[in-house]
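A.B. asks: Here it is, the structure in full.
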Amino acid sequence: MSRSIDQFTTPFSPAEAFCIGGIISACDVHTNETGTSIWVLPVIHNPQKATPESLSAHKKHLENVFAEIPTITVSKGESDFTKYMQPNKDGFVFLFESKDLNTPENLIQRFANNILCSEESIRCAFISGVFDGRSSWDKSGKMITLDSRNELCAETICSILDSLSIRYNYNPPRERASGNPRKAQLRIYSTDVPDFIKRIGLISPTRIKDIENASICNFSEEFDTVLDGLTRIMGLRISTQTREYKKITREKFSIEAELDRKLLDDVINEIDSDIPEKPTYKGTPKKKKAPTKVSSSETYPRDTNTALNALKIAEYKCEIDSEHPTFIRKKNNLPYTEPHHLIPMAYSDNFDFSLDVEENIVSLCSNCHNQIHYGKDVEVILQPLYEKRKDLLARAGIYIAYAELLEMYK
Ligand SMILES: [Zn+2]
Ligand SMILES: [Zn+2]
């Protein structure tokens with residue numbers, strides 16, 4: 001059954017939610033000779049930024065998405081193109097006719113609350129529509145940006161992002177010395193991009209490539225069947241562009257091992273009075289502390305409380321198997337497990353953010369801890385820990401493929 005945007009009612013289909021997201025984000029309405037309003041859903045790229053192949057793939061996907069919705073498509077080169085798009089831009093436009101909706105206020109009044117009350121998958125489809133065609137990829141800031149065309153529309157988009165607990169930043173409009181005022185802008189910062197792209201996904205092949213190439217998240221793609229061509233990036237993949245890590249020298253290795261041993265001592269002796277009742281993963285990147293010089297080697301300090309937090313989050317159980325036997329600590333009546341930095345602190349220089357975070361510290365029984373350091377079959381321990389932690393690590397701004405981690409233990 002084909003429905004025009006005037007007939008969209010709850011429950012919205014994902015395609016309808018995507019369409020509403022696209023037109024709310026563009027907030028661009030024209031009136032034709034007969035007085036019918038035409039809402040625009042554009043797919044815009046700067047010249048030469050998108051390949052003809054990716055543009056045509058994108059268009060094909062959207063045509064499938066909008067199969068049930070009456071639309072007109074205008075591509076670059078067609079006479080009407082400049083009516084809806086700046087002539088220097090690449091891309092195409094979908095047009096949706098409406099008899100009732102002729103102002104942003106109408107549009108918002110009609111849809112905003114209904115989208116907000118829709119189930120999560122529909123709100124996600126709405127946000128995909130918001131960002132798919134009009135957002136940009138900021139290469140230097142490694143963030144997704146979306147200029148807002150209308151404050152009312154931006155407010156709606158923000159409230160739906162809030163309802164999904166998607167992190168973003170809203171930069172209000174401001175004057176610039178150049179006299180050319182900065183438009184209000186929504187930003188998904190680099191550390192939140194992996195979560196965004198995993199939960200929301202985009203159809204735009206160009207944008208997906210941009211994000212992949214930024215290698216802030218070496219994630220594998222997963223196609224979703226909710227919307228044609230919707231790509232979500234799930235979990236870390238075995239990267240094809242494995243980074244080269246500097247081999248740790250023997251001297252550095254023994255200094256680092258000594259510091260790990262000292263941390264273990266500190267943890268054992270600490271009566272964890274300073275540890276919050278229910279510590280949690282912070283879920284945000286932590287700045288690295290300044291390295292200190294030990295002999296000729298630079299090392300990064302380990303924080304005792306962070307390690308204690310990590311043990312407490314794990315409820316002092318071995319994270320390989322909570323049934324692994326342990327004993328009660330002499331000092332504080334707690335089960336004895338040992339903290340271990342999954343990505344060794346020695347590799348800190350290769351990462352933008354601190355490795356000394358709860359997300360990177362696992363709780364292991366003495367046997368597993370020794371096995372991960374000295375055992376032959378390190379993979380038996382390493383692989384399950386990696387699977388358990390990879391998403392948490394990403395939230396802490398730490399991106400690593402399994403192959404890279406394994407290399408560090410060889
Ligand atoms: Zn260890
Ligand atoms: Zn164990």
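A.B. asks: Tell me whether the range 387-399 contains one or more residues that are crowded, with 19+ Cβ neighbours inside 10 Å, touching a residue at least 40 places away in the same chain (Cβ under 8 Å) and within 16 Å of ligand 2 (Cβ to nearest atom).
C.D. replies: Within the range 387-399, one or more residues are crowded, with 19+ Cβ neighbours inside 10 Å, touching a residue at least 40 places away in the same chain (Cβ under 8 Å) and within 16 Å of ligand 2 (Cβ to nearest atom).
A.B. asks: Also, quick follow-up: Would it be correct to say that A403 is touching a residue at least 24 places away in the same chain (Cβ under 8 Å), surrounded by fewer than 20 Cβ atoms within 10 Å (Cβ to Cβ) and among the small types (G, A, S)? Talk me through it step by step, then tell me what you get.
C.D. replies: Values: touching a residue at least 24 places away in the same chain (Cβ under 8 Å): yes; surrounded by fewer than 20 Cβ atoms within 10 Å (Cβ to Cβ): yes; among the small types (G, A, S): yes.
So A403 passes the test.
A.B. asks: Please determine whether any residue of the range 360-381 is crowded, with 19+ Cβ neighbours inside 10 Å, under 30 Å from the mean Cα position of the chain (by Cα) and more than 13 Å from ligand 2 (Cβ to nearest atom).
C.D. replies: Scanning the range 360-381 turns up at least one residue that is crowded, with 19+ Cβ neighbours inside 10 Å, under 30 Å from the mean Cα position of the chain (by Cα) and more than 13 Å from ligand 2 (Cβ to nearest atom).
A.B. asks: Across the range 383-404, which residue is nearest to ligand 1 (Cβ to nearest atom) among those that are in contact with a helix residue (DSSP H, G or I) (Cβ under 6 Å, 6 or more places away or on another chain) and part of a helix (DSSP H, G or I)?
C.D. replies: Of all residues in the range 383-404, those in contact with a helix residue (DSSP H, G or I) (Cβ under 6 Å, 6 or more places away or on another chain) come to 386, 392-394, 396, 402.
Now restrict to residues that are part of a helix (DSSP H, G or I): 386, 392-394, 402.
Details: Y386: 15, L392: 18, L393: 16, A394: 22, Y402: 18 Å.
Ranking the qualifying residues of the range 383-404, first place goes to Y386.
A.B. asks: Right, here's the next one. Which residues, counting only those in the range 325-359, are near ligand 2 (Cβ under 10 Å from one of its atoms) and either under 23 Å from Y402 (Cβ atoms) or buried (at least 22 other Cβ atoms within 10 Å of the Cβ) (or both)?
C.D. replies: Initial filter on the range 325-359 (near ligand 2 (Cβ under 10 Å from one of its atoms)): 325-326, 337-338.
Selection gives T337, E338.
A.B. asks: Here is a follow-up. Residues in the range 322-351 that are among the β-branched types (V, I, T), touching a residue at least 40 places away in the same chain (Cβ under 8 Å) and within 15 Å of ligand 1 (Cβ to nearest atom): how many? Walk me through it before giving the result.
C.D. replies: Restricting attention to the range 322-351, the residues satisfying the condition of being among the β-branched types (V, I, T) are 326, 328, 337, 343.
Now drop any that are not touching a residue at least 40 places away in the same chain (Cβ under 8 Å), which leaves 326, 343.
In the following step, the residues that additionally are within 15 Å of ligand 1 (Cβ to nearest atom) were identified as 343.
Total satisfying the criteria: 1.
A.B. asks: Hey, another quick one. Could you run through the range 142-168 and say how many residues are touching a strand residue (DSSP E or B) at 6+ places or on another chain (Cβ under 8 Å) and within 26 Å of K89 (Cα to Cα)?
C.D. replies: 8
A.B. asks: Something else now. Before we move on, is K278 under 18 Å from Y245 (Cβ atoms), in a loop (DSSP other than H, G, I, E, B) and away from ligand 1 (no atom under 16 Å from the Cβ)?
C.D. replies: Working: under 18 Å from Y245 (Cβ atoms): no; in a loop (DSSP other than H, G, I, E, B): yes; away from ligand 1 (no atom under 16 Å from the Cβ): yes.
No.
A.B. asks: In the range 328-381, what residues are outside any loop (DSSP other than H, G, I, E, B) and of a type in the set (D, E, K, R)?
C.D. replies: Residues satisfying the conditions are E338, D349, E358, E359, E379.
A.B. asks: With the requirement that a residue be surrounded by fewer than 14 Cβ atoms within 10 Å (Cβ to Cβ) and either charged (D, E, K, R) or free of Cβ contacts under 8 Å to residues at least 12 places away in the same chain (or both), what does the range 156-172 give you?
C.D. replies: Within the range 156-172, D162, S165 meet the criteria.
A.B. asks: If a residue has to be touching a Cys at 6+ places or on another chain (Cβ under 9 Å) and either acidic (D, E) or outside the structural domain of D391 (by TED's automatic domain parsing) (or both) to count, how many in the range 352-370 make the cut?
C.D. replies: 0
The values are calculated or read from the model by the stated rules, or taken from the named source; none is laboratory data. None of these values were measured; they are calculated from a predicted model. Counting neighbours? That spans all protein chains shown, and the Cβs are built from the backbone with ideal geometry, glycine included.
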